[in-house]
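Scroll down for the structure; my scribbles are underneath it.
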Amino acid sequence: MAEVPTSLVLRRPDDWHVHLRDGAMLRAVLPATARTFARAIVMPNLRPPVTSVDAAEAYRSRILEALPEGISFEPLMTAYLTDDLDPDELARGFAQDVFRAAKLYPANATTNSAAGVSDLSKISSVLTCMEAIDMPLLIHGEVTDPDVDVFDREALFIERHLKPLRQRHPQLRIVLEHITTEESATYIREAYQSGDDRIAATITPHHLHLNRNAMFMGGLRSDFYCLPVVKRECHRRALVKAATSGLPCFFLGTDSAPHPRSGKESACGCAGIFNALHALESYAAVFEQASALDQLEGFASEHGPRFYGLPLNADTVTLVRRQQSVPARLTPPRFACLGDDALPDSEWPLLFHAGEALEWTAEFH
Ligand code: DOR
Ligand code: ZN
């Protein structure tokens, strides 16, 4: 029988999809991401969204200002696509390494997406430009048609939009973000296996742990509500299989998405799960359960940078087999709670895995 490891040294991972927010929330949540991940693709769905090179540079500066001393962390900024974003602005930001990718939110698909793209035909010149300069397109893959069942919106997006889009722009480099279905996992795997390395997918910890029962366990649980919404158990299993497969077309993206408590607990609760604080331990639990701890490093630290054409990180993080109980709420650093936009204690986000025990603990050097 194989020996059970008591510690794992991993090349330091990156998070290829995270919401860091702004202001007090940014100061509260950034340390959780930055202590674990060397780099992160930062989502642009602020209010107002990040649609210009200047706005992305200013946001990047605010992130770097909020970074605790002694932590090395590189925010990789993204542009928020709208119906009328100028391709030249995008290309300029990409040439200057300000924009690393552009994010496609179908209008009204999720949090702060009202200014997103109402129809793909409106951005065909942007996509042609991105294809020419090899700028990655990050897709929130859900149809927004209110007549389509919420649980079917991702699968239908592939058929209605993604396949035709890829026919029109075969060289466009695409990441299908936070996939939630067997259909998506199969689509990405088959593309890879047919020799197409232009498309990949990120997978979140919560979609690897939860099925849709979580949202209804003992009552309506908005803490397990995110978008795309978690699906049936068969889909969760397909995602675990994809993440642990060792295939380079699947990599880590937490989609950590903090909201103030009042946002989650309202009559119309916001979508988003805040998982940054224990993200690596959470993934480790899934990989161990699938007897695939040996695939964790590829998924967390290698496949993403290779897809984005970036160097692998040289530093490491150690996971030790030491149980930890996850507290209910984030306790942000004190400085996060000062200032005009202070975040009162009552608004601190709930942690993913709150009240549970995790078998692994990450140690940082
Ligand atoms: O659950 C989600 N939360 N999904 C998204 O697509 C957006 C995110 C957010 O910004 O809160
Ligand atoms: Zn997201």
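The values are calculated or read from the model by the stated rules, or taken from the named source; none is laboratory data. Just so it is clear, the structure is predicted and the values come from calculations on it, not from any experiment. Glycine also receives a Cβ, built like all others from the backbone with ideal geometry; neighbour counts cover every protein chain displayed. Surface accessibility is based on the protein's heavy atoms, side chains included, excluding ligands, DNA and RNA. Shrake-Rupley method; radii C 1.70, N 1.55, O 1.52, S 1.80 Å.
Here are the numbers for the structure shown:
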| item | result |
| --- | --- |
| Residue pairs meeting the criteria (Cβ under 9 Å; at least 6 apart or on separate chains; first under 13 Å from A101 (Cα atoms), in the stretch 173-185; second aromatic (F, W, Y) and surrounded by 24 or more Cβ atoms within 10 Å (Cβ to Cβ)) | V175/W16; V175/F251; L176/F157; E177/W16 |
| Residue that is farther than 30 Å from E359 by Cα, touching a residue at least 40 places away in the same chain (Cβ under 8 Å), among the hydrophobic types (A, V, I, L, M, F, W, C) and within 16 Å of ligand 1 (Cβ to nearest atom), where the choices are L81, L26 | L81 |
| Hits in the stretch 80-118 (condition: within 16 Å of ligand 2 (Cβ to nearest atom) and either in a loop (DSSP other than H, G, I, E, B) or modelled with pLDDT under 95 (or both)) | L81, Y105, A107, N108, A109, T110, T111, N112, S113, A114, A115, G116 |
| Of all residues in the stretch 193-225 being more than 25 Å from I174 (Cα to Cα) and in a loop (DSSP other than H, G, I, E, B), the one that is nearest to ligand 1 (Cβ to nearest atom) | Y225 |
| Filter result for the condition that a residue is within 15 Å of ligand 1 (Cβ to nearest atom), open to solvent by 30 Å² or more (accessible area, probe 1.4 Å) and touching an Asp or Glu at 6+ places or on another chain (Cβ under 9 Å), over S262, S256 | S262 |
| Single match in A66, A40 (criterion: more than 19 Å from the chain's Cα centre (by Cα), open to solvent by less than 30 Å² (accessible area, probe 1.4 Å) and under 25 Å from F352 (Cβ atoms)) | A66 |
| Every residue from the stretch 99-114 that is buried (at least 19 other Cβ atoms within 10 Å of the Cβ) and either among the hydrophobic types (A, V, I, L, M, F, W, C) or without any contact (Cβ under 8 Å) to a residue 60 or more places away in the chain (or both) | F99, A101, A102, L104, P106, A109 |
| Test: residue in the stretch 240-253 that is closer than 18 Å to H19 by Cα, of a type outside the set (F, W, Y) and at pLDDT 95 or above | yes |
| Near pairs, Cβ below 8 angstrom, 6+ apart or cross-chain, from the stretch 246-269 (more than 21 Å from A328 (Cβ to Cβ)) to any residue that is open to solvent by 20 Å² or more (accessible area, probe 1.4 Å) and modelled with pLDDT under 95 | none |
| Which numbered condition S282 misses (of (1) over 28 Å from Y225 (Cα atoms); (2) under 20 Å from the mean Cα position of the chain (by Cα)) | (1) |
